[in-house]
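One structure below.
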Amino acid sequence: MVSIVRKARSGTTEMRFAGVQGESVTHGFTRGVRLGVDVGQVRVGVAKCDPDGILASPVATVARDQLAGADEVPADMAELARLAEEHEAVEVVVGLPVALNGREGVAAGHVRAYVQRLGVILAPRPVVLSDERMSTVVASRRLSERGVRGRRQRAVVDQAAAVEILQGWLDAQRRQT
């Protein structure tokens, strides 16, 4: 995981790493709503948890804005900022696609770039990365088991993947405390 924290006085951005590929945890769990985010090429799935960090639930699917210029805030990130504000999120957890062998590929690089940009937009709210191995596969399987298939599944699989990412992160936080 990487926490991106913007320091108010200096305006600099600090990155703190935790939990991805053997990096150590640098901050503990504090009470508050968190948003979970599954970043895809076409859509972004969003989930949230209760203030006690017990259960993640789906919130929304947001279309990716690939047309925003470097000096513009992409519409999907603006919507994430709005949702973070609306739900009074204390932190945003973004899934990092890591291969089964633990290595990061091209998709992970795209997500890291997304998180860098999102971190600036959401500052001073921390944005952390969490290993999302198999989250979309698990989400798709669970939806299929519940009878959600085809077009209906595509519409909600990103939210379900965000739930898997956030719930996994919450469970890991509980194990560490």
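Numbers at a glance
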| item | result |
| --- | --- |
| Given (1) in a helix (DSSP H, G or I); (2) among the small types (Gly, Ala, Ser); (3) modelled with pLDDT of 95 or more, number of the condition Ala89 does not satisfy | (1) |
| Boolean, Gly109 is assigned to a loop (DSSP other than H, G, I, E, B) and farther than 18 Å from Ala162 by Cα | no |
| Residue match in segment 61-77 (condition: under 19 Å from Leu170 (Cβ atoms) and either of a type outside the set (Gly, Ala, Ser) or in contact with a helix residue (DSSP H, G or I) (Cβ under 7 Å, 6 or more places away or on another chain) (or both)) | no |
| Per-region count, segment 148-171, residues in contact with an Asp or Glu (Cβ under 6 Å, 6 or more places away or on another chain), modelled with pLDDT under 90 and either open to solvent by 40 Å² or more (accessible area, probe 1.4 Å) or not small (Gly, Ala, Ser) (or both) | 1 |
| Criterion (open to solvent by less than 40 Å² (accessible area, probe 1.4 Å), without any contact (Cβ under 8 Å) to a residue 24 or more places away in the chain and part of a strand (DSSP E or B)) met by exactly one of Val62, Val44 | Val62 |
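The values are calculated or read from the model by the stated rules, or taken from the named source; none is laboratory data. In this text, all values refer to a predicted model and were calculated from it rather than measured experimentally. So basically every Cβ, Gly included, is an ideal-geometry build from the backbone, and we count neighbours across all protein chains shown. Only protein heavy atoms, including side chains, enter the accessible area calculation; ligands, DNA and RNA are left aside. Shrake-Rupley method; radii C 1.70, N 1.55, O 1.52, S 1.80 Å.
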